[in-house]
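Structure record follows, encoded as C-alpha cells.
The values are calculated or read from the model by the stated rules, or taken from the named source; none is laboratory data. Note that the structure is predicted; figures quoted are calculated from it, not measured. Neighbour counts run over all protein chains shown; Cβ positions are idealised from the backbone, glycine included.
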Number of protein chains: 2
Amino acid sequence: MIRFASRMELLKGSAIRELLALTAKPEIISFAGGMPAPELFPVEQMEKAANAVMEEMGQAAMQYSSTEGYVPLRQQIVDRMAAKNNIHTTVDNILVTSGSQQGLDYSGRVFLDKDDIVLIESPSYLGALNAFKTCEPRFIEVPTDDGGMIMEELEKILEKEDRVKMIYVIPDFQNPSSRTWSLERRQKFMEIINKYEIPVIEDNPYGELRFEGEAQPALKSLDTKGLVVYLGTFSKILAPGYRLGWVCADGEILDKYNFMAQAAALQASTISQMETAKWIEMYDLDAHVAKLVEVYGKRRDLMYNTMKEEFPPEVKFAKPTGGLFLWVELPEYMDAAVLAKEALKENVAYVPGEGFYPDGNTKNTFRMNYSNMPDDKIVEGVKRLAKVIKANMK
Amino acid sequence: MIRFASRMELLKGSAIRELLALTAKPEIISFAGGMPAPELFPVEQMEKAANAVMEEMGQAAMQYSSTEGYVPLRQQIVDRMAAKNNIHTTVDNILVTSGSQQGLDYSGRVFLDKDDIVLIESPSYLGALNAFKTCEPRFIEVPTDDGGMIMEELEKILEKEDRVKMIYVIPDFQNPSSRTWSLERRQKFMEIINKYEIPVIEDNPYGELRFEGEAQPALKSLDTKGLVVYLGTFSKILAPGYRLGWVCADGEILDKYNFMAQAAALQASTISQMETAKWIEMYDLDAHVAKLVEVYGKRRDLMYNTMKEEFPPEVKFAKPTGGLFLWVELPEYMDAAVLAKEALKENVAYVPGEGFYPDGNTKNTFRMNYSNMPDDKIVEGVKRLAKVIKANMK
C-alpha cells in the first residue's frame, strides 16, 4: 500500500477548478471562475509582440534564464507599482513567479511549519487556503465587516497567540467578498503589524480593476519595517495564460523566496516573460486596463441590478466597487453547495462559499463572477438562478 | 524578528543557479549549466507555430486552462512515450508541469513527511535534492558503480529501513554521472520494488539524447503495479524557456499530483503548451532530436578527447554514451569547489560535485557540460582547466 505524505489528506480538488472542468461545456452560463473576458485579450497585438521577441532575441527566449526573472519585465513591474500602488522599490526586490498562485505557495512554504498559525480574513480566497494547507498550518479566521478585517479582532488574536507566523490579506476588492479596506484601517493594521512584527502576505490581483472611488495605497507602501510581502499578477490586467505574477519583498525575506523558487520550479517561463515585457513596451497597458474597467463595471451593474430585481429580498449582497466578484448570502437554512447542483441542472454555475472558510462550515454563501460572461448571459443566468433560489425558499 | 519555516534552513541558493548568474558574462567559458545549444533552437519555426496559435485560438491561448494540461499536447506526450520509452498509456495519466523541476517538487510533497526516508543514487541530481529538502526528509544514498545503482545495496537498505517513502532515480544518462542502467538491472530493480511496494520517481530528461547503443525501456514500461512515476520534459529535446515537463503516473498517485498542482500553481502556461503542441504538429521533433544527438555527440567526443590529452592521468572520467555531462573524479586530496574559484579566474566554470551528495562531503568531483559551448571554446576551456588542475597536483 502506497503511503502518501500527511498533507495530502488535506488536499482535495479545488471546488473552483472542478467546477471549471464542468463548466467548459458551451451551454453552461458560468459565474464560477475568476476568468477575464477573453474577447478583450489583445490577441493581435500579442502576436506582434511574440514576433518581435522571436526576431530580436529568439534564442534567449527559448533558453533557461534567471530564477529572479527577466530584468526588463521586473523594471516594468517596479514602474507600475510606483504609479499604481505608491510602492517605491527596485528590481532587486522583485521575483517573477508562474502566476500569483505560485507566490501564495512559496509564501506558505517560506513561513509555515506544521501547526504554525496563519491568520486570514473570514472568508478568504480558497486558492490561498489550499496552497497554505500543503504546509499543514492552523488557520485562525479574523472576523470581518463591510470594511474588511476588523482590527480590534486582529489585535485580540495577536495578544493571545504566539505561534502566528504570517497574516494573509487581500485589502483591495477581496476574493470572495469584494470588500476594500479604508486608509484608516490600513494604517491601523500596519501599526499592529509593526508592534508584533508578523510577516504579512498582501495579495493584490484586483486593485487596478476599480470602478468607483479613489485607489488606496498598498499596505506595502506603508511598510516601514520590511514585513509586507506584496503579490501582484498580470492574470487580471492582461492575460492569465502566460502564468506571470510577482513577489515584491525586502532583504532576507526575498532571498528565502528566491531559494524556494530555485527548489520548486527554477524560474517562470522565459518566453512568457519576454512576450509580456515586449507587449508592455509596444502597447498601452493603462489604456487596456481602462477598457477592462469600463466593460467589467457595466457587467457589475448589470449583474447587480438583475439580482436586485430577481432575487428574493432575503438574499443579501453588496455592490462591489471593483474586482471580479459579487458575494451572496442566502438565508441561513440554505446550503449553497446543494443549490449549486440544482443550478447546474439549469446550466448555471457559481462557486459555493464553503471553500472560502478553512473549516468549510459556512454553508449559506456563494460567489458570483461577472467578468467572464456577456450581457445577455448575465441576465439569463441570474434569472435562472433566482428561480432555483425561490424554489428552495421556506 | 521574522521566523521562517524550519525547511528554509536547508535551502541555500543552488550552486548551479549561482554559477549561472556568474557565467552570464560573455568572456566566461561555461561548462556549468545543463543548457541546450541555443543555436540549435528552431526559432523561426517556433515563431510560425506561435503565429498559428494566435490566429487559430489566440483567446484560448491567453486564458486559464485545465490543471492537467492541454489535451493535444498530452496526446503528443503519450504518443512519444510509446515510440521512445515503450510506455503505453493515455492522456488521463498525464499531468503537464512547468518543467520537470516542478514534477520533482510535487513528488517530494506528495510522498514525503518530515524525517521520512528518500533513497537516491550516489551521486544524484542536485536540483532534485534541493526540491526534496523542502519536505525535510532523510536521504539515504544507495551506492552505485559504472552501471548505476547497485541492486544488492538497494535491497539491503529496504530490508532494514521501514520509513522509505520513495526512491528517486535517473536510469538514463544520469545527472551528474551519465551512467545508464542495463536492462538486467532495470528488471532486478522492478522485482525489488514490487516486493517492497515503494513508489519510484523515474526522472528521464536525457534518454532521447543517446549517441551510441540501444535505447533501454523505461522503468515505467516495466511497471506492473502502478508504482513508478515517470517525469519527462521538453527542456532538453526542444527548449527549456517554455518550462514544460510532464508527470506520467497511475490512478490515485496521479490524482494526488493533480491536487498538488492545483494548490501550488493551478496549471502550466497555456500559451507555452499550445505553441509547443503546434510546433510538434507542424514540424518534426524526431529530426530535431537527431540533429541534437549529432551535434552533442561531436561535442562529447571533442571534450572527452581533449580531456584525455590535457588532464593528468590521476584524474578519472568515463566517456558518456548520451546525455549532457562528463563526470570527473580528481585525486582525493583535491577540493573541486576550491579549484572552481581558480578556474573562474581563468574564465572557466564547472559545477563542483559536492552539491550532488546530500551531505556535501565528497569534495573531489565535478560535472562538465558539453552541450552549450561551441567546439573552439570546449578545447580552450578544457586546456585552461587542465592547467589549473596541474598547478594543484601534489
Unique residue being more than 30 Å from A:N130 (Cα to Cα) and either out of contact with any Ser or Thr (no Cβ under 7 Å at 6 or more places or on another chain) or acidic (D, E) (or both) when the list is B:I253, B:I237: B:I237
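Results for (1) crowded, with 24+ Cβ neighbours inside 10 Å; (2) over 21 Å from B:A265 (Cα atoms); (3) not β-branched (V, I, T), shown as yes or no for each residue.
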| residue | (1), (2), (3) |
| --- | --- |
| A:V229 | yes, no, no |
| A:R243 | yes, no, yes |
| A:D250 | no, yes, yes |
| A:A264 | yes, no, yes |
| A:A268 | yes, no, yes |
| A:L292 | no, yes, yes |
Sole exception among (1) crowded, with 20+ Cβ neighbours inside 10 Å; (2) more than 7 Å from chain A (Cβ to nearest Cβ); (3) among the hydrophobic types (A, V, I, L, M, F, W, C) for B:A61, by number: (2)
The one condition in (1) touching a helix residue (DSSP H, G or I) at 6+ places or on another chain (Cβ under 9 Å); (2) closer than 21 Å to A:D79 by Cβ that A:A264 fails to fulfil: (2)
Residue pairs meeting the criteria (Cβ under 6 Å; at least 6 apart or on separate chains; first within 15 Å of A:D203 (Cβ to Cβ) and in the same structural domain as A:Y357 (by TED's automatic domain parsing), in segment A:124-141; second surrounded by fewer than 24 Cβ atoms within 10 Å (Cβ to Cβ) and among the aromatic types (F, W, Y)): none
Search result, residues across segment B:245-276 that are assigned to a helix (DSSP H, G or I), among the hydrophobic types (A, V, I, L, M, F, W, C) and on the phi > 0 side of the Ramachandran plot: none
Filter result for A:A83 (out of contact with any Pro (no Cβ under 7 Å at 6 or more places or on another chain), over 30 Å from A:P217 (Cα atoms), in a helix (DSSP H, G or I) and among the small types (G, A, S)): no
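Please find, within segment A:349-387, the residue that is nearest to A:A24 (Cα to Cα) out of those that are of a type in the set (V, I, T) and modelled with pLDDT of 95 or more. First the steps, then the outcome.
Taking segment A:349-387 and keeping what is of a type in the set (V, I, T), we get A:351, A:362, A:365, A:378-379, A:382.
Okay, now just the ones that are also modelled with pLDDT of 95 or more, so A:365, A:378-379, A:382.
Numbers: A:T365: 23, A:I378: 17, A:V379: 20, A:V382: 19 Å.
In this case the residue turns out to be A:I378.
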Unmet requirement for B:V118, which otherwise passes all of (1) out of contact with any Phe, Trp or Tyr (no Cβ under 6 Å at 6 or more places or on another chain); (2) within 14 Å of another protein chain (Cβ to nearest Cβ); (3) over 30 Å from A:G241 (Cβ atoms): (1)
Qualifying residue in segment A:310-324 (condition: in contact with a strand residue (DSSP E or B) (Cβ under 7 Å, 6 or more places away or on another chain), in a strand (DSSP E or B) and surrounded by fewer than 18 Cβ atoms within 10 Å (Cβ to Cβ)): yes
Condition broken by A:Y333, with the remaining ones in (1) in contact (Cβ under 8 Å) with a residue 12 or more places away in the chain; (2) over 28 Å from A:F211 (Cα atoms); (3) crowded, with 24+ Cβ neighbours inside 10 Å satisfied: (3)
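Among the residues of segment A:40-53, what is the count of those that are within 7 Å of chain B (Cβ to nearest Cβ) and either surrounded by 24 or more Cβ atoms within 10 Å (Cβ to Cβ) or touching a residue at least 60 places away in the same chain (Cβ under 8 Å) (or both)?
Of the residues in segment A:40-53, the ones within 7 Å of chain B (Cβ to nearest Cβ) are A:41, A:43, A:46-47, A:50-51.
If we keep only those that are either surrounded by 24 or more Cβ atoms within 10 Å (Cβ to Cβ) or touching a residue at least 60 places away in the same chain (Cβ under 8 Å) (or both) too, we end up with A:41, A:46, A:50.
Here the count works out to 3.
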Residues (at the interface with chain A (Cβ under 10 Å from one of its Cβ atoms) and small (G, A, S)) located in segment B:246-262: B:G251, B:A261
Some residue of segment B:204-218 being under 30 Å from A:A49 (Cβ atoms) and over 19 Å from the mean Cα position of the chain (by Cα): no
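Return the only residue of A:P72, A:P36 being surrounded by 22 or more Cβ atoms within 10 Å (Cβ to Cβ), out of contact with any His (no Cβ under 7 Å at 6 or more places or on another chain) and either touching a residue at least 60 places away in the same chain (Cβ under 8 Å) or outside any loop (DSSP other than H, G, I, E, B) (or both).
On the way: A:P72 fails: surrounded by 22 or more Cβ atoms within 10 Å (Cβ to Cβ).
Residue meeting the stated conditions: A:P36.
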Residue check, A:S124 among the hydroxyl-bearing types (S, T, Y), at pLDDT 95 or above and in a loop (DSSP other than H, G, I, E, B): yes
Residue in segment B:371-391 that is in a strand (DSSP E or B) and touching a Leu at 6+ places or on another chain (Cβ under 8 Å) present: no
Selected residue (criterion: farthest from the chain's Cα centre (by Cα)) from residues of segment A:74-115 that are at the interface with another protein chain (Cβ under 9 Å from one of its Cβ atoms) and over 19 Å from A:D255 (Cβ atoms): A:K114
Cross-chain or 6+ apart pairs with Cβ under 6 Å, segment A:158-175 first and part of a loop (DSSP other than H, G, I, E, B), then among the hydroxyl-bearing types (S, T, Y): A:D172/A:T180; A:D172/A:Y206; A:F173/A:T180; A:F173/A:Y206; A:N175/A:Y125
Single unsatisfied condition, A:L10 versus (1) within 30 Å of B:D162 (Cα to Cα); (2) at pLDDT 95 or above; (3) more than 7 Å from chain B (Cβ to nearest Cβ): (2)
Matching entry among B:A37, B:A60 (being out of contact with any strand residue (DSSP E or B) (no Cβ under 9 Å at 6 or more places or on another chain) and assigned by TED's automatic domain parsing to the domain that holds B:N372): B:A37
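Kindly provide the set of residues from segment A:176-200 that are outside any helix (DSSP H, G or I) and either surrounded by fewer than 17 Cβ atoms within 10 Å (Cβ to Cβ) or under 15 Å from the mean Cα position of the chain (by Cα) (or both), ordered by number. Spell out the reasoning first.
Of all residues in segment A:176-200, those outside any helix (DSSP H, G or I) come to A:176-182, A:197-200.
Listed by number, the residues that qualify are A:P176, A:S177, A:S178, A:R179, A:T180, A:S182, A:E197.
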Residue list for segment A:201-244, filter: part of a strand (DSSP E or B) and within 13 Å of chain B (Cβ to nearest Cβ): A:I201, A:V228, A:V229, A:T233
